[in-house]
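**Student:** My structure is below; once you've seen it, I'll send some questions.
Bear in mind that the values in this text are calculations on the coordinates, not laboratory data. The structure presented is a predicted model; accordingly, all values stated were derived computationally and were not measured. All Cβ positions, even for glycine, are placed from backbone atoms using ideal geometry, and neighbour counts span all protein chains on display.
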Amino acid sequence: MSAEILSSAFYIYLYVMIGIAAVVFISLYFVDASYGAFTKKTWGKTINNKLAWFIMEFPIFLAMIIIWLCSPHRFEIVPMVFLLIFEIHYFQRSLIFPWIMKGKKSQMSLSVMFMGIAFNILNAMMQGYWIFFESFNCNYHVLGLSYTDLAWLKSPQFIIGVCLFFIGFYINLRSDYIIRHLRKNDDDNKHYLPKGFMFEYVTSANYLGELTEWLGFAILTWSLSGLVFFIWTFANLVPRAHALYKRYKTEFGPEMEAKKLKRVFPFIY
C-alpha cells in the first residue's frame, strides 16, 4: 500500500473517531458507564476494579512502545520526548494507580473494560502512527519546524503544552490522592464529598486534571491526532463529571450550594 493511500486512510480514521466521540458525548449524558460509583449488574459480569484498570490501561502503554520500536524514526529526539511524556501518564495509570486504589469490593463491568481496551489500542494507533510515521511521511512543519528539529523543544507550542500537561498531571495526581483518602480503609464503600485543593471549585477535579493534560499534549505535539484524543477525553469525562455532580447534589446538596461548586471547569461548568 502506497504512502499516499495510508496517509489518506489515517486522516479518514481520525475524522471518523471525531464523529464517534460526538456520539459518545451525547450518549453518556443519558447512560452512566458501569464502573466505580455507577457499576450496574445490567451491564453484565464484573471483575475487581483494580485488576480491570490495569488490564484496561496497560495495553496503550505497551502498544506505544511497540509502535516506537517499529518506526525508522525511533531515534529522533523530539518524538522520543513526546513518547516519554505520553508514557509518564500511562505508567502511573496502569502500573501505580490501580494498585493503590481503596475499596476491595469495587467492581468494573467487563463490557466497560473491553471498550476501554479497544479505545486505548485505537488511541495508540492515532498517537503513535502520527508521531513516528505520518508526521515524517508528510514532512509536517509548524513555524518552520519539524519533528526532526531540536528547536521544536524550545518552540512556544511545546513550552505551553508541556506546562499544561504537567499542571494537569499534578492536578490529577493530587485529586486522586484526596479521593483515595476519603475512605478509612479497603472495606469502606461509603460515598464522601471530596474537599480541598481544586475540589473547592469543582466536584471532579481529577477529570479537570486529565483534560488539562491531554489539551497540553495536543498543543505540544501540535497534531490533529492529539486534538482527537483531547476531544475523546472531553467526550468521556465531561458527561461523567455531570453524572457525579448530580449524585453528589443528591447526597450533599446544601454543602455544594454553599461552596457554589461546578462540575469540572471552575466557575463555568
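**Student:** What tally of residues in the stretch 78-121 results from selecting those that are assigned to a loop (DSSP other than H, G, I, E, B), out of contact with any helix residue (DSSP H, G or I) (no Cβ under 6 Å at 6 or more places or on another chain) and surrounded by 14 or more Cβ atoms within 10 Å (Cβ to Cβ)?
**Tutor:** The number of residues fulfilling the criteria is 1.
**Student:** Run down 75, 61 and say which single residue is surrounded by fewer than 14 Cβ atoms within 10 Å (Cβ to Cβ), over 13 Å from residue 131 (Cβ atoms) and out of contact with any Pro (no Cβ under 7 Å at 6 or more places or on another chain).
**Tutor:** Exactly one residue qualifies, and that residue is 75.
**Student:** Looking at the stretch 135-153, I want the residues that are under 14 Å from residue 81 (Cβ atoms) and have a partner that is acidic (Asp, Glu) with Cβ atoms under 7 Å, at least 6 apart or on another chain. Which pairs are those?
**Tutor:** 147/76; 148/76
**Student:** Here are some conditions: (1) in contact with a helix residue (DSSP H, G or I) (Cβ under 8 Å, 6 or more places away or on another chain); (2) within 14 Å of residue 28 (Cα to Cα). Residue 246 meets all but one. Which one does it not meet?
**Tutor:** (1)
**Student:** Here is a further query. So for the stretch 4-12 (the condition being acidic (Asp, Glu) and assigned to a loop (DSSP other than H, G, I, E, B)), does at least one residue qualify?
**Tutor:** No, that holds for no residue.
**Student:** Could I ask something else about it? Out of (1) crowded, with 22+ Cβ neighbours inside 10 Å; (2) assigned to a helix (DSSP H, G or I), the odd one out for residue 254 is which?
**Tutor:** Residue 254 satisfies every listed condition except (1).
Here's the yes/no breakdown for (1) closer than 17 Å to residue 241 by Cα; (2) not in a helix (DSSP H, G or I):
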residue: 126; (1), (2): no, no
residue: 148; (1), (2): no, yes
residue: 176; (1), (2): yes, no
residue: 194; (1), (2): yes, yes
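**Student:** Are any of the residues in the stretch 186-200 under 24 Å from residue 10 (Cα atoms) and surrounded by 20 or more Cβ atoms within 10 Å (Cβ to Cβ)?
**Tutor:** No; the residues of the stretch 186-200 include none that is under 24 Å from residue 10 (Cα atoms) and surrounded by 20 or more Cβ atoms within 10 Å (Cβ to Cβ).
**Student:** Report every pair of residues separated by at least 6 positions or lying on different chains whose Cβ atoms are under 9 Å apart, first residue within the stretch 172-183 and in contact (Cβ under 8 Å) with a residue 60 or more places away in the chain and among the charged types (D, E, K, R), second part of a helix (DSSP H, G or I) and surrounded by 15 or more Cβ atoms within 10 Å (Cβ to Cβ).
**Tutor:** Partner pairs satisfying both residue conditions: 176/97; 176/206; 176/209.
**Student:** Looking at (1) within 25 Å of residue 238 (Cβ to Cβ); (2) in contact with a Phe, Trp or Tyr (Cβ under 7 Å, 6 or more places away or on another chain); (3) not in a helix (DSSP H, G or I), which is the one condition that is false for residue 21?
**Tutor:** Against the list (1) within 25 Å of residue 238 (Cβ to Cβ); (2) in contact with a Phe, Trp or Tyr (Cβ under 7 Å, 6 or more places away or on another chain); (3) not in a helix (DSSP H, G or I), residue 21 comes up short only on (3).
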